[in-house]
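For reference, the structure discussed in these notes is given below.
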Amino acid sequence: MKVLIINGSPHPEGNTAIGLREVEKELNKAGIETEFVTIGNKDIRGCIACGYCRTHGCCVFKDAVNELAPKFEKADGLLIGSPVYYAQPNATLTAFMQRLFYSTPFSKQMKVGASVACCRRGGASATFDDLNKFFTISEMPVVSSTYWNSIHGLTQGEAKQDAEGLRTMQVLGRNMAFLMTGISLAKKEAGLPEEEVHIATNFIR
């Protein structure tokens, strides 16, 4: 099994990375392979609703979204982390996630999703909520911990002092490994649930 880890912070070794790495340690202990990618320092623009992906199966912009889409397709889990900017995920990660989920035609059903928010003080739960919405619209089980998946720190490395946040990350990693293992066993035993054909309801006056 494999987890793709996306660091949405522009700082590859910043406080968001500290939280994600703590989760990664627990995944590795459980024998789960991981790949850690930082996208917060890349030039990633937002969706322009051009419809290119509907006919080509990939985004019109040739950047990290298209580069990482095949890795996401092969992965059994997705772990994403963002710093908190104005009580929201940062814009680069938001643009990346919107385009990644919208432009990829493959099923995400029963891939396990987990998110981590890093902040100085406030806005973590709002950011955490925003990130989880990508999973819940895609039939992806969401991993929980003993608290909201957040870690705190302002200056680089400060998150290492957040004992509760580090513990939350460790439990998150163990729970993610457990859930992925359980889903893997269930798939072998019973297969995946029948995938529903998407129905869009539009009300017209």
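The values are calculated or read from the model by the stated rules, or taken from the named source; none is laboratory data. The structure presented is a predicted model; accordingly, all values stated were derived computationally and were not measured. For neighbour counting, all protein chains shown are included, and Cβ atoms are generated from backbone atoms with ideal geometry for every residue, glycine included. Surface areas here come from the heavy atoms of the whole protein model, side chains and all, with no ligands, DNA or RNA. Shrake-Rupley method; radii C 1.70, N 1.55, O 1.52, S 1.80 Å.
Within the set of other residues whose C-beta is less than 14 Å from the C-beta of A124, count the net charge using Lys and Arg as +1 and Asp and Glu as -1. Residues near A124 contribute -2 overall. Given the chain, report the % of alpha carbon pairs whose separation exceeds 24 Å. Value for the chain: 40 percent of Cα pairs lie more than 24 Å apart. What number, rounded to the nearest 500 deg cm²/dmol, is the helix-based mean residue ellipticity at 222 nm of the chain, given -39500 (n - 2.57) per DSSP H run of at least four residues and division by all its residues? Result for the chain, helices only: -13500 deg cm²/dmol.
Given R₀ = 25 Å, what would the calculated FRET efficiency be for S184 paired with E67, taking r from the Cβ atoms and rounding to 0.05? Numbers along the way, then the final one.
Numbers: r = 26 Å, r/R0 = 1.05.
It comes to 0.45.
One decimal place: the segment Q161-T201 gains 9.5 nm when fully extended, by the rule 0.36 nm per residue minus the C-alpha distance.
Between Y147 and N41, what length in nm is gained on full extension when 0.36 nm per residue of separation is reduced by their alpha carbon distance?
35.3 nm
Under 5 Å between amide hydrogens, built in the peptide plane, is the criterion, and for T38 it picks out N7 among residues at least 5 positions away or on other chains. Shown for the chain: the carbon plus sulfur share of the solvent-accessible area, taken with all protein chains present and a 1.4 angstrom probe, equals 53%.
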